[in-house]
1. With every protein chain kept in place and ligands, DNA and RNA left out, what is the accessible area per residue of the chain? Probe 1.4 Å, answer in Å².
2. Using only the heavy atoms of the protein chains and a 1.4 Å probe, how would Asp43, Asp68 rank by accessible area, largest first?
3. Per-residue HN-Hα couplings for the stretch 91-106, Karplus 6.51 cos²θ - 1.76 cosθ + 1.60 at θ = phi - 60°, whole Hz, x for Gly and Pro?
4. Can you compute the helix-only [θ] at 222 nm over the chain? Use -39500 (n - 2.57) per DSSP H run of at least 4 residues, normalise by all residues, nearest 500 deg cm²/dmol.
5. To the nearest 10 square angstrom, what accessible area does Ile49 show with a 1.4 Å probe?
6. Rank these by accessible area, largest first, 1.4 Å probe: Leu37, Leu157.
7. What stretch of the chain, leaving out the sites themselves, is the longest with no GluC sites (Glu not before Pro) in a DSSP loop having at most 11 other Cβ atoms within 10 Å?
8. Probe radius 1.4 Å, ligands and nucleic acids ignored: give me the carbon and sulfur share of the accessible area of the chain as a rounded percent.
Amino acid sequence: MALGSAAKKAASTPLVVLEQFLPYRLNVLASLTSNALAQIYADRFGLSIPAWRVIVTLGQYEHRTARDIAPDGVMHKSTVSRAVSSLEERGLVVRRPNLDDRREELLTLTAKGRAIYEAVAPEALAVEERLMSVLTREERRTLATIIEKLTAQARSLAPNSEEEAGA
């Protein structure tokens, strides 16, 4: 009986309340948002989350190396490599030698890859706008500042982390 009482006591006075624990809450928000976005790019274009991140990164920048994409998207380099290979097989990305560093290859969207980026980007932005629509303009600015601060702090707490995140 003593064990049952101890278990009840521990359950009634938790050390961590999961629903109030910031890392958990951020993960839930990221997962829900990522799932909403995935419905667009997975259903319509057959893209995984890592493939979508590669497409978006290359859509934003003319070209990048896989090594550039990995930390920006908080993805392990092997995940980026698999996504790039898949995109290359589908004719969405091309590799070419980096003349500044022969050990690397520059990645660029093909015309077909750019068309997917241009088709999906407005829909992704619409999802973002629907999500953010519950916030005032001031709350949006405050949230952006808070996210920047927390991201910088989290990077300092886990500087070598290659853990993958959502969208």
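The values are calculated or read from the model by the stated rules, or taken from the named source; none is laboratory data. Just so you know, these numbers come straight off a predicted model, no measurement behind them. Cβ sites come from the backbone with ideal geometry, for glycine too, and all protein chains shown count toward neighbours. Keep in mind that these areas ignore ligands, DNA and RNA; they rest on the heavy atoms of the full protein, side chains included. Shrake-Rupley method; radii C 1.70, N 1.55, O 1.52, S 1.80 Å.
1. 69 Å²
2. Numbers: Asp43 125, Asp68 60 Å².
If we order Asp43, Asp68 from most to least accessible, we get Asp43, Asp68.
3. Residue by residue, the stretch 91-106 yields x, 9, 9, 10, 10, 9, x, 8, 5, 7, 8, 5, 7, 10, 10, 8 Hz.
4. Details: 7 runs with 110 residues, N = 167.
Here the helix-only value at 222 nm equals -22000 deg cm²/dmol.
5. Probe radius 1.4 Å; accessible area of Ile49 about 50 Å².
6. On the way: Leu37 20, Leu157 135 Å².
The residues order as Leu157, Leu37, largest area first.
7. Numbers: sites that count: Glu62, Glu163.
Excluding the exposed sites themselves, the longest stretch runs over 63-162.
8. Values: 6670 of 11580 Å².
Carbon-and-sulfur percentage of accessible area, whole number: 58.
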